[in-house]
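Working notes for the structure below.
The values are calculated or read from the model by the stated rules, or taken from the named source; none is laboratory data. Every value quoted in this text rests on a predicted model; they were computed, and no experiment measured them. Cβ: placed from backbone, ideal geometry, glycine included. Neighbour counts: every protein chain shown.
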Amino acid sequence: MSGSQLWDDVDDYFISNLSPDDEALCAALRDSDAAGLPAIAVTAAQGKFLQLLAQVQGARHILEIGTLGGYSTIWLARALPEDGRLISLEYSAKHAEVAVRNIARAGLDRIAEVRVGPALESLPKLADENPAPFDLVFIDADKVNNPHYVEWAIRLTRAGSLIVLDNVVRGGRVADPGSTEPDVVGTRAAIELIAGHPRLTGTAIQTVGSKGYDGFALARVLG
Ligand code: SAH
Ligand code: DHB
Ligand code: MG
């Protein structure tokens, strides 16, 4: 899904000034591409946005659902202190293998860990370990499971934590109440869950850029 030339030009302008990819980020994208992974990582502008959110949160513990080649993982893990921890859940062993190499090259292997398997199997195992509450959860995997991921995120966070969902707009398809597309159905269910949940307050922001017309939902966990 590619946007207009103008959206690309504006993304290039902002990214080249504010969030250019350094060597490790460039290499992560290059190796992901070489390994045949789909080019669906967040943009550099979005990666920096996630990093700033983690910093504003004062995050020490981050959970990511959907690693791909670890590009967003690197942006997020760089927001953490030396003793911080990021756990990223990835279904595909091949994606995880590429991500682990990319994370190590970025010098983040002591901070960021990738766990392979369907996230709905990894999440209960993670909960059994009684981890410190996650300060930020970035949900970016199979959109059909978004409501389940939001429920798990609530269980694994604390009052004040932030939950971020990627790709909630999908070219505008989210606004179609009659859609039977699993991604749209899952995302609409997640938005309605955030809207009706007594422990969440949220919003969603539309974005354009080199990844087309899409958006993020943000939800803050209440006490
Ligand atoms: N966050 C990444 C992009 C993730 S793309 C970035 O911006 O750089 C979505 C990823 O979710 C893919 O790698 C896909 O294999 C993974 N995924 C799909 N279904 C999943 C599931 N059930 N559990 C965990 N990961 C899943
Ligand atoms: C897709 C998934 C993503 O996480 C994303 O950011 C863009 C596209 C996809 O499955 O097409
Ligand atoms: Mg995404």
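Suppose the filter is surrounded by fewer than 21 Cβ atoms within 10 Å (Cβ to Cβ), within 16 Å of ligand 3 (Cβ to nearest atom) and in contact (Cβ under 8 Å) with a residue 40 or more places away in the chain; does Asp183 pass it?
yes
Go through the stretch 147-196 and report how many residues are in a loop (DSSP other than H, G, I, E, B) and within 24 Å of Gln55 (Cβ to Cβ). Full working, then the answer.
In the first step, residues of the stretch 147-196 are kept if they are in a loop (DSSP other than H, G, I, E, B); the result is 156, 167-169, 176-181.
If we keep only those that are within 24 Å of Gln55 (Cβ to Cβ) as well, we get 156, 167-168.
Of the residues in the stretch 147-196, 3 are in a loop (DSSP other than H, G, I, E, B) and within 24 Å of Gln55 (Cβ to Cβ).
Return the residues of the stretch 54-73 that are among the aliphatic types (A, V, I, L, M), away from ligand 3 (no atom under 11 Å from the Cβ) and crowded, with 19+ Cβ neighbours inside 10 Å; say none if nothing qualifies.
Ala54, Ala59, Ile62, Leu63
Got at least one residue in the stretch 4-20 being buried (at least 18 other Cβ atoms within 10 Å of the Cβ) and under 18 Å from the mean Cα position of the chain (by Cα)?
yes
Would you check which residues across the stretch 154-180 are of a type in the set (Val, Ile, Thr) and surrounded by fewer than 15 Cβ atoms within 10 Å (Cβ to Cβ) and list them? Talk me through it step by step, then tell me what you get.
Restricting attention to the stretch 154-180, the residues satisfying the condition of being of a type in the set (Val, Ile, Thr) are 154, 157, 163-164, 168-169, 174, 180.
Scanning the stretch 154-180 gives a single hit, Thr180.
From (1) in contact (Cβ under 8 Å) with a residue 12 or more places away in the chain; (2) away from ligand 3 (no atom under 16 Å from the Cβ); (3) closer than 24 Å to Arg78 by Cα, pick out the condition that doesn't hold for Ala41.
The number of the failed condition is (2).
Is at least one residue of the stretch 138-146 modelled with pLDDT of 95 or more, within 16 Å of ligand 2 (Cβ to nearest atom), assigned to a strand (DSSP E or B) and of a type in the set (A, V, I, L, M)? Give the steps one after another, and end with the answer.
Taking the stretch 138-146 and keeping what is modelled with pLDDT of 95 or more, we get 138-146.
Subsequent filtering for residues that are within 16 Å of ligand 2 (Cβ to nearest atom) retains 138-146.
The next check asks that each one be assigned to a strand (DSSP E or B); those that pass are 138-139.
Now drop any that are not of a type in the set (A, V, I, L, M), which leaves 139.
Among the residues of the stretch 138-146, at least one is modelled with pLDDT of 95 or more, within 16 Å of ligand 2 (Cβ to nearest atom), assigned to a strand (DSSP E or B) and of a type in the set (A, V, I, L, M), which makes the answer yes.
Out of the residues in the stretch 190-203 meeting the condition of being of a type in the set (A, V, I, L, M, F, W, C) and crowded, with 17+ Cβ neighbours inside 10 Å, tell me which one is nearest to ligand 2 (Cβ to nearest atom).
If we take residues in the stretch 190-203 being of a type in the set (A, V, I, L, M, F, W, C) and crowded, with 17+ Cβ neighbours inside 10 Å, then Ala190 is nearest to ligand 2 (Cβ to nearest atom).
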